[in-house]
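Participant: Can you keep this structure in mind? I'll have questions shortly.
The values are calculated or read from the model by the stated rules, or taken from the named source; none is laboratory data. Owing to the predicted nature of the structure, the values given are computational and were not obtained by experimental measurement. Cβ placement follows ideal geometry from the backbone for every residue including glycine, while neighbour counts extend to all protein chains displayed.
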Amino acid sequence: MYCRECGHHVSEKTEICPNCGVRPLNSHHFCQSCGSETSEKQEMCVQCGERLQQARPGSQYYAGFWLRTVAYLLDGIILAIPMFLIGSIIVVLMMSSDPYSAPSDEAFAAFETWAFLIGLVFNALYTGIFHASKWQATPGKKMIGIKVTDMNGNRISFARGFGRGLALNLSAFTLYIGFMMAGFTSKKQALHDMIARTLVIRSR
């Protein structure tokens, strides 16, 4: 491994770095796994994805495809409730104009369009607000211990979170290949992560 103070290569059993005299894991200038430069506030190395404080070489910090899939399923269940209520309200409003007639094809197409657009924006707001919060995670991600950060491991802004939420649709429109990319890319990034320049990491 590498000394976190000076970046000198040391043995895992080394208690004091022979180059600088500091305990190898007690500082914050270099990654103990790959030797890349880091900053004090970073929680992980953006080059190799490992924890920067008291980490053992090989401990993966990025959240993989299956963890993220579970989080999406949990968030989908949570979002289904308000989306059902919004859809019901739209149906009631459509029927209130003429409760005794069946909706026309045009009205049904308009309903589908509005439902899609509202769902798209609502989902982006949901992810944007929660990812920019102190949780840095939606309720689904929070439950399984993962969160979203920028490329340096810091909290993202609402604007970036909202844009990431919109970019989720691109991952879906590519026959979900955009989501599957999280299982194959080096930093476990899906297509929408690459677009928004974000990472999904383990928070515990």
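Participant: Determine if segment 163-173 includes at least one residue that is of a type outside the set (V, I, T), crowded, with 21+ Cβ neighbours inside 10 Å and closer than 19 Å to Q42 by Cα.
Facilitator: No, there is no match, as no residue in segment 163-173 is of a type outside the set (V, I, T), crowded, with 21+ Cβ neighbours inside 10 Å and closer than 19 Å to Q42 by Cα.
Participant: Collect the residues in segment 143-162 that are of a type outside the set (V, I, T), closer than 17 Å to F65 by Cβ and surrounded by 21 or more Cβ atoms within 10 Å (Cβ to Cβ), keeping them in residue-number order.
Facilitator: Scanning segment 143-162 gives a single hit, K147.
Participant: Then there's this: Among residues belonging to segment 15-35 that are loosely packed, with under 15 Cβ neighbours inside 10 Å and of a type in the set (S, T, N, Q), point out the one that is nearest to Y61 (Cα to Cα).
Facilitator: Here the residue is N26.
Participant: Report every pair of residues separated by at least 6 positions or lying on different chains whose Cβ atoms are under 7 Å apart, first residue within segment 1-13 and modelled with pLDDT under 85, second of a type in the set (D, E, K, R) and assigned to a loop (DSSP other than H, G, I, E, B).
Facilitator: Listed by first residue and then by second, the contacts come to M1/E12.
Participant: Go through the residues of segment 164-177 one by one and say whether even a single one is modelled with pLDDT of 90 or more and within 12 Å of A132 (Cβ to Cβ).
Facilitator: yes
Participant: Working only within segment 182-202, note down all residues that are part of a loop (DSSP other than H, G, I, E, B) and under 19 Å from K142 (Cα atoms). Working first, answer last.
Facilitator: Filtering segment 182-202 for residues part of a loop (DSSP other than H, G, I, E, B) gives 184-190, 197.
Within segment 182-202, K188, Q189, A190 meet the criteria.
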